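The block underneath contains the structure these notes are about, expressed in structure tokens.
Please treat every number below as a calculation from the coordinates, not as lab data. If you're wondering where the values come from, they're calculated on a predicted model, not measured in any experiment. Glycine gets a Cβ as well: all are built from the backbone with ideal geometry, and neighbour counts include every protein chain shown.
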Amino acid sequence: MLSASVLIAVTGGSGTAILWASGHANPAVVAAVFGAPTALVLALGRLARRTRGVLPDQHHHHYAGPVDQRTVTSKTTGLIAKTTNQQ
């Protein structure tokens, strides 16, 4: 948020300075053009706050018991692939 606000302040300040120096600084136009990034950042922040509740809760599954530790060897041969699995 802090970096976005600095970016908006620099952009808005430089744009306002250019319009003021050129003598074409209409307050309504300045407000519309340089207020849009601020409105966009605020809208994205609000959207991000609302999407927090959309994600499902995390579920952790822990299993106990013997582990099957078999070794399987696979061999694929032939023009039409035939796979043979041996333990």
_I'd like the distance separating the alpha-carbon centroids of the range 43-87 and the range 14-31, in whole Å._
58
*Rounded to the nearest 500 deg cm²/dmol, what is the calculated helix-only ellipticity per residue at 222 nm for the chain, with -39500 (n - 2.57) per DSSP H run of length n ≥ 4?*
-18500 deg cm²/dmol
*Convex hull over the alpha-carbon atoms of the range 2-51: what's its volume per residue in Å³?*
53
*Percent relative contact order of the chain, based on C-alpha pairs within less than 8 angstrom and at least six residues apart?*
16
*Please order R52, R46 by the number of other Cβ within 10 Å, starting at the fewest.*
R52, R46
*Label I18 and V72 with points 7 Å out from Cα along Cα→Cβ: what is the distance between them in nm?*
6.4
*Regarding the chain, what whole-number volume in Å³ per residue does the convex hull of its Cα atoms give?*
296
